[in-house]
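See structure below.
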Amino acid sequence: QVQLVESGGGLVQPGGSLRLSCAASGSISRMYYMGWYRQPSGKQRELVAGITSGGSTSYADSVKGRFTISRDNAKNTLYLQMNNLKPEDTAVYYCNAREIGGPSWGQGTQVTVSS
């Protein structure tokens with residue numbers, strides 16, 4: 001299975017932006033699906049956005065119009081552009097990749113939205 005490393009999290013004020021990256025140790029072109037999940041403290045992990053190998057994207061209702069997921073197969077990297085961040089976006093964000101051999105998860109990156 002591929003190893004995934006997230007980066008780009010941090011503290012940002014409401015209305016601000018962050019760009020998360022997920023670097024894979026191997027080729028992501030064989031990943032039929034990749035996604036970003038988040039887990040607020042004390043709550044369950046939830047799917048935020050996903051992208052298929054064909055480039056089709058999907059988003060949770062709570063982030064539609066604010067977040068954009070993309071993948072760069074040449075760089076083996078998944079991205080999540082987050083704009084107009086809100087306090088309720090505060091969570092640990094995880095990268096997920098799915099291939100025939102099974103899913104892989106990153107270690108997570110903390111995003112805190114606070115004034």
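The values are calculated or read from the model by the stated rules, or taken from the named source; none is laboratory data. These numbers were taken from a predicted model, which means no experiment stands behind them. Quick reminder, even Gly has a Cβ in these numbers, built from the backbone with ideal geometry, and neighbours come from all protein chains shown. Quick note on the areas: whole protein, heavy atoms, side chains included, nothing else; ligands and nucleic acids left out. Shrake-Rupley method; radii C 1.70, N 1.55, O 1.52, S 1.80 Å.
Observations, loosely collected:
- Restricted to segment 1-51, the set of strands (runs of 3 or more DSSP E) holding at least 1 residues that are within 14 Å of Tyr79 (Cβ to Cβ) and open to solvent by less than 20 Å² (accessible area, probe 1.4 Å) comprises 4-7, 18-24, 33-39.
- Leu80 vs. criteria crowded, with 18+ Cβ neighbours inside 10 Å and not in a strand (DSSP E or B): no
- Test: residue in segment 64-85 that is at positive phi and modelled with pLDDT under 95: no
- Residue check for Ala97: touching a residue at least 40 places away in the same chain (Cβ under 8 Å), part of a strand (DSSP E or B), open to solvent by 40 Å² or more (accessible area, probe 1.4 Å) and not basic (Lys, Arg): no
- Candidate set from segment 60-72 (those that are within 25 Å of Ser115 (Cβ to Cβ) and under 11 Å from the mean Cα position of the chain (by Cα)); member that is surrounded by the most Cβ atoms within 10 Å (Cβ to Cβ): Phe67
- Being closer than 24 Å to Ser115 by Cβ and in contact with a Ser or Thr (Cβ under 7 Å, 6 or more places away or on another chain) is a condition met by at least one residue of segment 31-41.
- Yes/no for Lys75 being open to solvent by 70 Å² or more (accessible area, probe 1.4 Å), under 27 Å from Gln13 (Cβ atoms) and basic (Lys, Arg): no
- Taken over segment 20-77, residues that are free of Cβ contacts under 8 Å to residues at least 40 places away in the same chain, closer than 16 Å to Val111 by Cβ and among the β-branched types (Val, Ile, Thr) amount to 3.
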